[in-house]
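Taking it in order: structure first as structure tokens, then the write-up.
The values are calculated or read from the model by the stated rules, or taken from the named source; none is laboratory data. What you see is a predicted model, and the numbers here were worked out from it, not measured in a lab. Note: ideal-geometry Cβ built from the backbone for every residue, glycine included; neighbour counts use all protein chains shown.
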Amino acid sequence: MEVALKLLGILFGVLARALVPYLRKLKQGKVKKFKKGYWMSALSSFVLAVITALLIFPGFNIAKPGVGLEASIKLFCLAFGFGFAWNSIVSEGAKWGERRK
């Protein structure tokens, strides 16, 4: 159960970070409607999110948070934040690298 919470938390964090730019553009009005090409982007984002989650999962080591529902929620939130942060670092690093060219 603990491993599943960690892995799902990291995966959802990575996916959430991948979705944020699309939602921002949608709110700003830069995206008017959902185009068919977005499916390929969504699929590739999902595949990359799974790969990223599996790569960073071994680095997510915390002491046992306790027992019960509250401890499970804390563990999931920590894993979510860990995945979100790592994907953010990777995404921002890629953007910085693009600007140098």
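Examine the stretch 36-44 for a residue that is over 22 Å from I10 (Cα atoms) and not in a helix (DSSP H, G or I), and state whether such a residue exists. Yes, there is a match, as at least one residue in the stretch 36-44 is over 22 Å from I10 (Cα atoms) and not in a helix (DSSP H, G or I).
Are any of the residues in the stretch 10-32 modelled with pLDDT under 85, part of a loop (DSSP other than H, G, I, E, B) and surrounded by fewer than 13 Cβ atoms within 10 Å (Cβ to Cβ)? Yes, the stretch 10-32 contains at least one residue that is modelled with pLDDT under 85, part of a loop (DSSP other than H, G, I, E, B) and surrounded by fewer than 13 Cβ atoms within 10 Å (Cβ to Cβ).
Among residues belonging to the stretch 61-96 that are part of a helix (DSSP H, G or I), surrounded by fewer than 18 Cβ atoms within 10 Å (Cβ to Cβ) and of a type in the set (S, T, N, Q), point out the one that is modelled with the lowest pLDDT. So, considering only residues that are part of a helix (DSSP H, G or I), surrounded by fewer than 18 Cβ atoms within 10 Å (Cβ to Cβ) and of a type in the set (S, T, N, Q), the one modelled with the lowest pLDDT is S91. For the stretch 72-101, enumerate the residues that are without any contact (Cβ under 8 Å) to a residue 24 or more places away in the chain, within 15 Å of L8 (Cα to Cα) and not charged (D, E, K, R). Hit for the stretch 72-101 is I73, nothing else. So, of the residues in the stretch 48-101 that are of a type in the set (A, V, I, L, M) and in contact with a Pro (Cβ under 7 Å, 6 or more places away or on another chain), which turns out to be nearest to V3 (Cα to Cα)? Among residues in the stretch 48-101 that are of a type in the set (A, V, I, L, M) and in contact with a Pro (Cβ under 7 Å, 6 or more places away or on another chain), the one nearest to V3 (Cα to Cα) is L75. Regarding G29, is this residue on the phi > 0 side of the Ramachandran plot and out of contact with any His (no Cβ under 6 Å at 6 or more places or on another chain)? The answer is yes for G29.
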